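Undergrad: Structure incoming, see below.
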Amino acid sequence: RATLAALASPTPQLSLAGLTLLHLRPTLSAVADDLHHVLQSYQCRVLEVDDLDQADLLARVWRPHVVLLDSAIPEPEAYLAQFSQQQGLAALPLVTLTSEATQAANSCTNLRVFPCLEPLTQAQPPMALLQVIQVAAGG
């Protein structure tokens with residue numbers, strides 16, 4: 001019965017409990033603030049950084065499962081070229097939120113890219129993003 005109920009359920013069960021997410025976020029935005037509350041409600045730890053040096057340090061200390069690249073990254077090609085040279089960061093799955101960032105990340109051969117191109121809004125929980133994070137983390 002439980003299996004049938006899960007299959008009949010319109011929303012898949014997401015399990016982000018215990019995941020550590022490294023959010024690269026150079027600018028502040030209300031959508032990103034709301035995203036943190038949603039992720040924390042799924043028992044996901046969010047580490048927020050605004051530059052690659054901080055990201056590299058936190059990646060070595062906290063060992064996050066996934067890196068989330070904010071949608072407001074200026075010059076994604078140059079930023080991701082730098083990102084890909086950081087061995088610790090480049091080894092982690094990277095979730096991108098824009099087509100420009102996805103294209104730039106895919107041009108770096110050593111990155112594992114998981115795009116989520118559904119726009120994030122404050123009106124609804126970002127279910128597609130939560131699913132992409134779960135897949136990127138290997139769940």
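The values are calculated or read from the model by the stated rules, or taken from the named source; none is laboratory data. Fair warning: this is a prediction, and the values are worked out from it, not measured in the lab. All Cβ positions, even for glycine, are placed from backbone atoms using ideal geometry, and neighbour counts span all protein chains on display. The protein model used for the area step is the full one, side chains on, heavy atoms only, and it has no ligands, DNA or RNA in it. Shrake-Rupley method; radii C 1.70, N 1.55, O 1.52, S 1.80 Å.
Undergrad: Cβ-Cβ under 6 Å, sequence separation 6+ or interchain: first residue in the range 83-103 and under 20 Å from residue 127 (Cα atoms), partner aromatic (Phe, Trp, Tyr). Which pairs?
TA: Taking only residues 6 or more apart or on different chains, the pairs are 93/114; 95/114.
Undergrad: Counting only residues that are under 25 Å from residue 16 (Cα atoms) and open to solvent by less than 10 Å² (accessible area, probe 1.4 Å), how many does the range 65-85 have?
TA: Of the residues in that region, 5 qualify.
Undergrad: Select, from 25, 1, the only residue that is under 28 Å from residue 52 (Cβ atoms), modelled with pLDDT of 60 or more, out of contact with any Leu (no Cβ under 7 Å at 6 or more places or on another chain) and among the basic types (Lys, Arg).
TA: On inspection, the qualifying residue turns out to be 25.
Undergrad: Same structure again: Within the set of pairs 6+ apart or on separate chains, which have a first residue in the range 6-29 that is over 19 Å from residue 43 (Cα atoms) and open to solvent by less than 60 Å² (accessible area, probe 1.4 Å), a second that is modelled with pLDDT under 70 and not in a strand (DSSP E or B), and C-beta atoms under 8 Å apart?
TA: Pairs that qualify, where the first residue is over 19 Å from residue 43 (Cα atoms) and open to solvent by less than 60 Å² (accessible area, probe 1.4 Å) and the partner is modelled with pLDDT under 70 and not in a strand (DSSP E or B), are 25/32.
Undergrad: State whether the residues of the range 86-99 include one that is farther than 18 Å from residue 136 by Cβ and open to solvent by less than 20 Å² (accessible area, probe 1.4 Å).
TA: no
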